[in-house]
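Down below is the structure, laid out as structure tokens.
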Amino acid sequence: MKSTVRNHFPAFIYLSCIAAALFFTSCSTRKNTWINRTYHTVTSKYNINFNGKEALKAGEKDLATKVKDNYTGILPVYNYPSKNDLNAILPAMNRAIEKASKAIYKHSMLIKGKEYVKTMDDAYLLMGKAYFYKQEYREAQRIFNYMANNYADIKKWECTKEAKIWNARTALQLQYYMEAQSLLEESKITAYSLKKRKFNVLYNAAAAEYQLTAPDGEITTAIDCINEALHNRPQRDFKTRLLFILGQLYELTEQMPDAQRCFTAVIKRSPAYDMEFSAQMHLATNYDGSASQRELIMKYLHKMLSEKKNEPYRDQIYYAMSEIERIDGDTVMRMEDLALSVTAYDNNNYQRTFSSITLADLFFDRNEYVQAQNYYDTAMLSIPKNYPNYEAIVKKSSILKDLVDNLKAIELEDSLQRIAKMPPAQRDAWVQSMINQYTENERKMQEEEAARMIALQNTIGMANVTVSDNSGKWYFYNTSLLASGRTEFYARWGNRKLEDNWRISRKQELTMEAMEAINSNTTLSTSDTLFDEDGNVLSVRENDPKKPAYYTQDLPLTPAAIDSSNAIVINALYNAALIYSDLLNDFARSNETLEKLIQRFPEHELAASAHYLLFLSYSNLHDNNKALEHKNIILTKYADTDFARLLNDPDYYKRLAEQEKALEAKYEITYLAYSNLDWAQTVLLADETLPVCKERELAAKYAYLRGVAIGELYSKDSMRTEMMKILADYDNTAVIPLVEIQLSLLQPASTTANAASGGQEGAVNGEEVVFKHYPGELHYVVVLVDVMKAATSKVKEDIAAFNSKYHSIQNFNINSFYVDKDRQMITIAQFVNQETAMNYYRSMVTDSDFNKLIQNSTLVIYAMSATNYTTYYTKRDNRNQYDDFFKEYYLDSFN
């Protein structure tokens, strides 16, 4: 036995050595042997690439939970989350990229330009997909292009075909439509020649996405692509999505039977309830206009309204009803249903925006601008920037807000004047009626509150005694008790969104004091004291609705107060008339408003302008009698105005422009005399010009040259007098910063000059902006830490942990130093340009931990170019400029 062991032992050692030698030689990526190729192919496929694909799948699954579909429009073939929602998938995608990079680095056998490991195309495709999901499209495109150039033999490299489709989708996201179209055309040839179901689904889905996204896309072609994709049996959920989109497209092209077939198929596949409900809505509104079908549809929609499970979808049901009314041509009922849709808002921002804008447009078309503005204002609460005609809607909302603000100002001042004109006894009775009404409303609210509290206590008592029902459920798992509690909540508060200060339904009207009071559970003072600039008490405002002063404090009871109130009305009437005519093209309303201004305030200085505007408007409307009436008034009552001169001489403004041009040419001569230190000639030319120069900016320039020349001819005191006069006569003109510099040099009266020009504000407004915008330059992200609130070392540790979790594949340097005694600057370096720095910035500020520190002013975070980084460090006095600079050139453009 011993001899047998002894005989085999050398053989065992020998074989072990051979195995070890084979193992170590197999690690080589430079020798093209069968063992090496097999080892690297098997190891990369079943180890590294496998783990990377698992990470990618996990990220795709997380991504699906972050995306909320908007069923008010055509669903996109693929849905892409906002950058704010990407943080959740970054760890998984970074792991996928890390694994793909490891596979390439450790196992690629690229020898003399030829790759011998069969799984390398798989690794590159994995990396490209991960970058695509991270929405780093340029990096994804670089990888897909590399695959096209280095793995071009599609018979050998299977993944290259799929990469081309992903590259087309990448080009589409970058809005490179011609490139996307070219890549899809190439993939189309491959798809029809291969006849593989999976590849055909990928191609046709991408082609449909192109047709629904690109400016030259066609709905009919998109329908063909989706039908072809469905023919190739896609994955279950994706097939359901494609069926729903197909139904929407058939509906859009008025192929109603086909649309009905698709939506029915969607419902049969038991999708998520949002999609199922929307499919039911499409089926319900597939309306041919007949009375019998209308009755069936409306009965079905009302039944859906009454079902508990549809409470979150009532806004969509009311919108569906409004579409029935649209088809029937009943605009009044349609508007009522749209208003109910807006009121029924639960948490569907898309539907609220869509219903609000639709209703606002209807009011606008009827020239009911106040109501239109209310619904545009509601839409502005949640409208996304990619909403169709976003800029036009925002502009229209802004115009209407200006109009409504002016109309409300007129209404308020007229009401105040009406009450002020009441006899004292009648006014006192009105005030007392208002107090009584408030007191009664308060009493009713207290009674309702008391009743609710009793009901709440009874509910709590029941919960304490019977914390479980017959099924053994705890109180908060008991659906009946929860439903009861929900009903109580809605009865008291209405349908409120879960957010900070949810008790307040109109947060945009909260003052900072009110917010602080709500959050600290304190009450506001019953009166506010107003002070002038010197700290003297102007008035004490009463805030208690139970006191008479609350109702009388704004009444114009003196001649001066009446004049101030009338000035508000006059300006509001004039502004409203201009908005009606210039921005809304509602000339009838504009004329009516101008006539009202003239009727109420015939002697006001704006009356002449109102008459001239009416003359122009009636002339354009070919109402010659009205136009002649206002022309005669201008020529007789306002003969010395430019309006009369213009009526007598249609070329009046042309001659004024020529005169202005001559004065500008004369300014060049005056400036030449100034440059040659010919002070007397400078003063002479300025004195000749100033009495006839009506253009304020040009007159200010003449006055400035004259003031300097006066100072050189006579004394510094004379110059100071001239400069102070320019500050008074030509405020807000371009020469004011120059005037302030001159005054600052004129000692010892510089302090007085600064005070006269607005103190330090003028100096700040005049200071040079030292930061420059270089978006393509290397960038840093800097974190300013208030050292009194947080330890810089702890913040650096948190940043390192954040980078490890969300940016693990990037190598950042983190440094810190004091920028002043209270703050340290942490520098995260470095980023290739503004875009990459802002992507990192956005992921950081939306992180919950960092966001808390930003909100309490512990941290301030910026992205900063290398040039501005140096400027920020060296120019301490100008650092305060960077906040506004960052908002303008980084935040506004990034959003």
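Once you have the Cα-Cα distance between K805 and Q599, take 0.36 nm times their residue separation minus that, and quote the gain in nm to one decimal.
Full extension from K805 to Q599 adds 67.1 nm.
Can you give the accessible area per residue of the range 212-362, in Å², using a 1.4 Å probe? Don't jump to the answer; show the numbers that get you there.
On the way: 7110 Å² over 151 residues.
Heavy-atom accessible area per residue stands at 47 Å².
Need the C-alpha centroid separation for the range 146-225 versus the range 411-430, integer Å.
Spelled out, the Cα-based centre of one part sits 73 Å from the other.
Check the straight Cα-Cα distances from K852 and name the lysines below 18 Å, setting aside those fewer than 8 residues away within the same chain.
Hits, sequence-local ones excluded: K789, K794, K796.
Hey, got a sec? Which trypsin sites (Lys or Arg not before Pro) in the range 635-721 land in a DSSP loop and have at most 14 other Cβ atoms within 10 Å?
Taking the range 635-721 and a limit of 14 other Cβ atoms within 10 Å, the loop trypsin sites (Lys or Arg not before Pro) found are K694.
Looking at the range 352-412, which trypsin sites (Lys or Arg not before Pro) are DSSP coil and have at most 15 other C-beta atoms within 10 Å of their C-beta?
Working: sites: R352, R366, K385, K395, K396, K401, K408; in loops: R366, K385.
Those satisfying the criteria are R366, K385.
Cross-link list K408/K626; K45/K83; K45/K239; K99/K195; K188/K239; K66/K239: which exceed 27 angstrom alpha carbon to alpha carbon?
Numbers: K408/K626 29 Å; K45/K83 32 Å; K45/K239 29 Å; K99/K195 31 Å; K188/K239 20 Å; K66/K239 20 Å.
Over 27 Å apart, Cα to Cα: K408/K626; K45/K83; K45/K239; K99/K195.
Can you check how the C-alpha radius of gyration of the range 148-205 compares to 2.2 N^0.38 Å, as a plain ratio?
1.06
From the cross-link list K102/K134; K57/K196; K129/K772, which pairs have alpha carbons spaced over 25 Å apart?
Numbers: K102/K134 19 Å; K57/K196 22 Å; K129/K772 36 Å.
Long pairs (Cα-Cα over 25 Å): K129/K772.
Of the heavy-atom accessible surface of the range 639-746 (probe 1.4 angstrom), what whole percent is carbon and sulfur?
Numbers: 3390 of 6150 Å².
Heavy-atom surface of the range 639-746 belonging to carbon and sulfur, 1.4 Å probe: 55 percent.
Less than 13 Å Cβ to Cβ from K112, Lys/Arg counted +1 and Asp/Glu -1: what total charge do the surrounding residues give? If you can, show how the numbers build up before the last one.
Working: positive: R30, K31, K114; negative: E115.
Cβ neighbours under 13 Å give a net charge of +2.
Rounded to a whole number, what % of the accessible area of the range 339-466 do carbon and sulfur atoms account for, probe 1.4 Å? Don't skip to the end; give the middle numbers.
On the way: 4060 of 7430 Å².
Ligands and nucleic acids excluded, carbon and sulfur reach 55 percent.
Under 18 Å from the Cα of K164, which aspartates and glutamates turn up, not counting those fewer than eight places away in the same chain?
Excluding near neighbours in sequence, the set is D121, D122, E136, E139, D153, E179, E185, E186, E209.
How much length, in nm to one decimal, is gained on full extension between R197 and Q659, taken as 0.36 nm per residue of separation minus their Cα-Cα distance?
Net length gain for the segment: 158.5 nm.
Can you tell me the length gained on complete extension of the stretch D544 to V769, counting 0.36 nm per residue apart and subtracting the Cα distance? Before the final figure, lay out the partial values.
Values: separation 225, 0.36 × 225 = 81.00 nm, distance 4.72 nm.
Stretched out fully, the D544 to V769 stretch lengthens by 76.3 nm.
Computing the accessible area with a 1.4 Å probe over protein heavy atoms, can you report the carbon and sulfur percentage for the range 42-182? Show your work: numbers first, answer last.
On the way: 3340 of 6650 Å².
On the range 42-182, the fraction of accessible area on carbon and sulfur atoms equals 50 percent.
So for the range 117-247, averaging the separation of alpha carbon pairs under 8 Å that are six or more residues apart and normalising by length, what relative contact order in percent results? Walk me through the intermediate numbers first.
Numbers: 145 pairs, mean separation 21.4, N = 131.
Computed over the range 117-247, the figure is 16 percent.
If you take the beta carbon distance between K308 and M453 as r and set R0 to 25 Å, what does 1/(1 + (r/R0)^6) give as a FRET efficiency, to the nearest 0.05? Walk me through the intermediate numbers first.
Numbers: r = 26 Å, r/R0 = 1.05.
The computed FRET efficiency comes out at 0.40.
Given a Förster radius of 35 Å and the C-beta distance between N625 and R696 as r, what FRET efficiency does 1/(1 + (r/R0)^6) yield to the nearest 0.05? Present the calculation step by step, with values, prior to reporting the outcome.
On the way: r = 38 Å, r/R0 = 1.09.
Calculated transfer efficiency: 0.40.
Counting other Cβ atoms within 10 Å of each Cβ, which trypsin sites (Lys or Arg not before Pro) in the range 95-202 have at most 11 and sit in a DSSP loop?
Values: sites: R95, K99, K102, K106, K112, K114, K118, K129, K134, R138, R142, K155, K156, K161, K164, R169, K188, K195, K196, R197, K198; in loops: K112, K118, K134, K155, K156, K195, K196.
Qualifying residues, ordered by number: K112, K155, K156, K195.
Write down the accessible area per residue of the range 838-895 in Å², having rolled a 1.4 Å probe over the full set of protein chains. Please list the in-between numbers first.
Working: 2900 Å² over 58 residues.
It amounts to 50 Å² per residue over the range 838-895.
Just check the range 780-895 against the gyration tensor rule for me: Cα atoms, a ≥ b ≥ c as the square roots of the eigenvalues, rounded for a/c under 1.5, and otherwise prolate or oblate depending on whether a/b exceeds b/c. Working shown, then result.
Numbers: a/c = 1.37, a/b = 1.07, b/c = 1.28.
Rounded, since a/c falls under 1.5.
Under 18 Å from a point 7 Å along the Cα-to-Cβ line of E835: which residues of the range 127-160 have their amide N that close?
128-146
At what distance in angstrom do the alpha carbon centres of the range 705-749 and the range 550-603 lie from each other?
The range 705-749 and the range 550-603 have Cα centres spaced 39 Å from each other.
In Å², and per residue, what accessible area does the range 556-626 have when probed at 1.4 Å with the other protein chains present? It would help to have the intermediate numbers written out before the result.
On the way: 3720 Å² over 71 residues.
Per-residue value: 52 Å².
The values are calculated or read from the model by the stated rules, or taken from the named source; none is laboratory data. These numbers were taken from a predicted model, which means no experiment stands behind them. Don't worry about glycine lacking a Cβ; one is built from the backbone with ideal geometry, like all the others, and counts go over all protein chains shown. These area figures cover heavy atoms from the full protein model, side chains too; ligands, DNA and RNA do not enter into them. Shrake-Rupley method; radii C 1.70, N 1.55, O 1.52, S 1.80 Å.
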